[in-house]
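The values are calculated or read from the model by the stated rules, or taken from the named source; none is laboratory data. Nothing here was measured: the structure is a model prediction, and the numbers come from that model. We place every Cβ from the backbone using ideal geometry, glycine too, and count neighbours over all the protein chains shown.
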Amino acid sequence: MTQNKAQKEATLNVSVLDDLRKLDRSPRDSVVTELLEAFLSEVPEMMRNMRSALEAQNIFSIRKQAHALKSNAGNLGADRFAAICQNIEKGPEALLKNLIEELEAEYRLVAEQMHQQMKKTA
Amino acid sequence: MGLTGKTVLVIDDMSDVRKTVKLILESEGIIVFLAENVDEGLALAASKTPHLIITDLTMPEKDGFDFLKEKRKNELLKNIPVIVLSGRNDKASVTEAVALGASDYVLKPIRAGTLLQKARKRLKDQSFLSLQFKTRRPEAEVSLPVEVLKASEIGLQIEASIKLASDETVELSGELLRKLDCGDVMIRTAKSLANPVAQGRYLNDLNFVAIGESIAKRIRKRLKDWK
């Protein structure tokens with residue numbers, strides 16, 4: 001049920017980035033670019049930590065990582081990624097492995113679209 | 001209304017949140033201070049006395065609830081409005097945050113329009129600033145919301161034009177202060193909050209803390225009686 005809800009969300013809700021760009025007075029929207037770069041550099045490590053926590057069966061740590069990732073992604077309009085994080089944070093333990101795999105796949109799509117967005121700005 | 005020069009403290013352990021909120025607020029000319037944990041936030045709040053504080057709830061070690069508890073015990077900080085910015089959308093968190101004195105609750109993910117609208121509302125509430133007097137007469141220890149029109153400092157004497165909430169302008173001169181027996185005039189401004197009995201040394205800072213209307217009525221009456 002929650003899975004389906006995540007599927008309905010956009011990989012990258014561009015209007016969120018556009019809204020931030022409108023506010024950005026720095027040359028070439030550098031703050032937005034910086035935020036995207038930070039996301040792309042920090043998130044892979046957070047996901048690796050989540051994967052390690054899964055292997056160690058540290059459910060608390062998995063959910064904590066998911067909470068942080070959810071905020072990170074949502075702020076930049078990676079809505080589907082954020083929704084999957086929400087499922088990991090609140091969903092049943094039995095689904096965690098599948099959800100983490102789903103998140104890893106979604107990340108690849110998000111990263112690709114974010115890179116395109118950065119090219120648009122550069 | 002212009003928010004240029006208003007000050008906002010943002011407390012969040014996540015650097016992306018701090019950066020995003022800063023970007024949003026600075027677009028309105030707001031001066032933003034950033035803290036990545038509660039202790040740093042309390043220290044910055046005391047030294048900068050911002051017009052508004054935006055805090056996260058879920059943080060390692062001390063969390064946003066701890067911040068709200070400590071802030072409201074602190075005489076100098078308790079009147080600064082707080083907007084909670086959190087991903088926690090459960091009723092219990094909202095209820096507790098409001099019970100602990102949060103003025104507003106904004107859900108993450110951050111959306112620029114919503115956050116600005118809420119911040120603007122809280123900052124607008126403070127178009128009247130406050131000035132506190134501590135006189136030698138304990139009964140005359142009062143605070144009032146005033147709009148400072150002009151302020152200057154001559155030695156330890158204070159001169160300021162203040163507009164009371166009733167739209168009446170009062171020259172807050174050394175003479176008036178003497179009439180008020182204000183030997184220990186306490187001007188609580190951004191900097192003097194950390195060291196409240198500042199004898200007007202920081203009067204140029206014009207960054208006062210909002211205080212309630214009932215107390216304002218008392219000083220308004222006293223200013224009329226004694227002028």
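Values computed for the structure shown
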{"item": "Residue in segment A:1-42 that is modelled with the lowest pLDDT, counting only those that are of a type in the set (S, T, N, Q) and more than 19 Å from B:D16 (Cβ to Cβ)", "result": "A:T2"}
{"item": "The listed residue being in contact (Cβ under 8 Å) with a residue 12 or more places away in the chain, touching a Lys or Arg at 6+ places or on another chain (Cβ under 6 Å) and not charged (D, E, K, R), out of B:L68, B:L77, B:L25, B:L85", "result": "B:L77"}
{"item": "Only listed residue being farther than 20 Å from B:L3 by Cα and in contact with a strand residue (DSSP E or B) (Cβ under 6 Å, 6 or more places away or on another chain), chosen from B:L34, B:L57, B:L25", "result": "B:L57"}
{"item": "Every residue from segment A:10-34 that is in contact with an Asp or Glu (Cβ under 6 Å, 6 or more places away or on another chain) and either under 22 Å from B:Q117 (Cα atoms) or not in a loop (DSSP other than H, G, I, E, B) (or both)", "result": "A:N13, A:R21, A:V31, A:V32"}
{"item": "Residues satisfying the stated conditions in segment A:58-70, i.e. more than 8 Å from the chain's Cα centre (by Cα) and facing another protein chain (nearest Cβ under 10 Å)", "result": "A:K64, A:H67, A:A68"}
{"item": "Residue check for A:S52: in a helix (DSSP H, G or I), of a type in the set (G, A, S), without any contact (Cβ under 8 Å) to a residue 12 or more places away in the chain and under 18 Å from B:V17 (Cα atoms)", "result": "no"}
{"item": "Spans of strands (runs of 3 or more DSSP E) in segment B:1-93 with at least 3 residues small (G, A, S)", "result": "none"}
{"item": "Qualifying residues in segment B:26-42 (those that are farther than 21 Å from A:E37 by Cβ and modelled with pLDDT of 95 or more) - the one nearest to the other protein chains (Cβ to nearest Cβ)", "result": "B:N37"}
{"item": "Options A:L40, A:L35, A:L20; residue that is touching a residue at least 60 places away in the same chain (Cβ under 8 Å), within 14 Å of chain B (Cβ to nearest Cβ) and closer than 30 Å to B:E28 by Cβ", "result": "A:L40"}
{"item": "Options A:R21, A:R28: the member that is surrounded by 14 or more Cβ atoms within 10 Å (Cβ to Cβ), in contact with a Ser or Thr (Cβ under 9 Å, 6 or more places away or on another chain) and over 22 Å from A:A105 (Cα atoms)", "result": "A:R21"}
{"item": "Selection count, segment B:17-33, where residues are within 18 Å of the chain's Cα centre (by Cα) and of a type in the set (A, V, I, L, M, F, W, C)", "result": "5"}
{"item": "Unique match (being surrounded by 23 or more Cβ atoms within 10 Å (Cβ to Cβ) and under 21 Å from B:K19 (Cβ atoms)) among B:L44, B:L85", "result": "B:L85"}
